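The values are calculated or read from the model by the stated rules, or taken from the named source; none is laboratory data. Predicted model only: the values in this text are computed from it and were never measured. All Cβ positions, glycine included, derive from the backbone under ideal geometry; neighbour counts span all protein chains shown.
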Amino acid sequence: MTNQPNPETDKTRINIDVVSDVMCPWCYIGKRRLEKALEMVPDIEVDVRWRPFQLDATLPPEGKDRKQYLAEKFGGLERARALYKNVTDAAEAEGLHMQVERIERSPNTIDAHRLIRWSQTTGDQDAVVERLFHLYFMEGADLTKRELYYSVAEDAGMDRALVESLFEKGADIDEVQEEIAVATRLGVTGVPFFIFDNQYAVQGAQDSATLANVLQQIASERSESPETKSEPETAST
């Protein structure tokens, strides 16, 4: 879809697909920066859709002890703590007081992505994504527990019984994995990854001004051909 004015408001309307993983701290930071970017361009309407990605699909369903996981991934806990200091400092600048030391298990996030997928159909996606980020990075919640997802769904206004049934039936596991595969084929190697109207792509938790600039650039290109490009181009940052 290309940018078209909303006939009811005469504002430019732009779709943003955010490829993300709920265990990725930079994705939470990127969410805050995107929200600030949208405040910078009040004349542009956006439809934000959250798309799945897994930083580590090899994690077992029960997850892995967080300290063990970080030590294996970063070559030791001290190195991991040093790297995470940079992350938490960046988060603080965005008003996010991450409590990463409270996290006890690193989860396989396929269930999180299933819930996020279902929440799009009910219009609750932003609330679900925000809640999952908050639970993990602020409260150290164990995202391997199904009961947590049932509660998140219910709190967001979704049908809890339906969500429980979908989880138990194994619904949409293949679909989520295929979406992740599509993202990989499109060149997504790290997240967050922002795709604007399937035309421009911005990788990483870029600052709010950069994201706002991309939105303004798209809005100004009203004379561009309406045909959607097959793959997004990486925007200059």
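Some observations on this one:
- Residues located in the range 107-119, provided they are surrounded by 24 or more Cβ atoms within 10 Å (Cβ to Cβ) and farther than 20 Å from Arg160 by Cβ: Pro107, Thr109
- Number of the exception - Glu139 against (1) among the acidic types (Asp, Glu); (2) modelled with pLDDT of 95 or more; (3) within 18 Å of Val48 (Cβ to Cβ): (3)
- A count restricted to the range 52-93 and to residues that are touching a Ser or Thr at 6+ places or on another chain (Cβ under 8 Å) and small (Gly, Ala, Ser) stands at 1.
- Residue check, Thr122 hydroxyl-bearing (Ser, Thr, Tyr), more than 26 Å from Leu162 (Cβ to Cβ), modelled with pLDDT of 95 or more and surrounded by fewer than 19 Cβ atoms within 10 Å (Cβ to Cβ): no
- Pick from the range 6-40, criterion at pLDDT below 95 and assigned to a strand (DSSP E or B), ranking: surrounded by the most Cβ atoms within 10 Å (Cβ to Cβ): Thr12
- Just one of the numbered conditions (1) among the β-branched types (Val, Ile, Thr); (2) more than 30 Å from Lys11 (Cβ to Cβ); (3) part of a helix (DSSP H, G or I) is not true of Ile116: (2).
- Filter result for Asp174 (farther than 19 Å from Leu55 by Cβ and either of a type in the set (Phe, Trp, Tyr) or assigned to a helix (DSSP H, G or I) (or both)): yes
- The range 162-188 residues that are at positive phi, paired with ones that are loosely packed, with under 13 Cβ neighbours inside 10 Å (beta carbon under 7 Å, 6 or more apart): none
- Val129 being of a type outside the set (Asp, Glu), in contact (Cβ under 8 Å) with a residue 12 or more places away in the chain, buried (at least 17 other Cβ atoms within 10 Å of the Cβ) and within 12 Å of Trp50 (Cα to Cα): yes
- Of the residues making up the range 50-82, not one is touching a helix residue (DSSP H, G or I) at 6+ places or on another chain (Cβ under 7 Å), surrounded by fewer than 16 Cβ atoms within 10 Å (Cβ to Cβ) and touching a residue at least 60 places away in the same chain (Cβ under 8 Å).
- Test: residue in the range 149-159 that is out of contact with any helix residue (DSSP H, G or I) (no Cβ under 9 Å at 6 or more places or on another chain), on the phi < 0 side of the Ramachandran plot and free of Cβ contacts under 8 Å to residues at least 24 places away in the same chain: no
- Residue within the range 188-205 that is more than 14 Å from the chain's Cα centre (by Cα) and part of a helix (DSSP H, G or I) present: no
- The residue of the range 43-84 that is farthest from the chain's Cα centre (by Cα), among those that are small (Gly, Ala, Ser) and under 22 Å from Ala141 (Cβ atoms), is Ala71.
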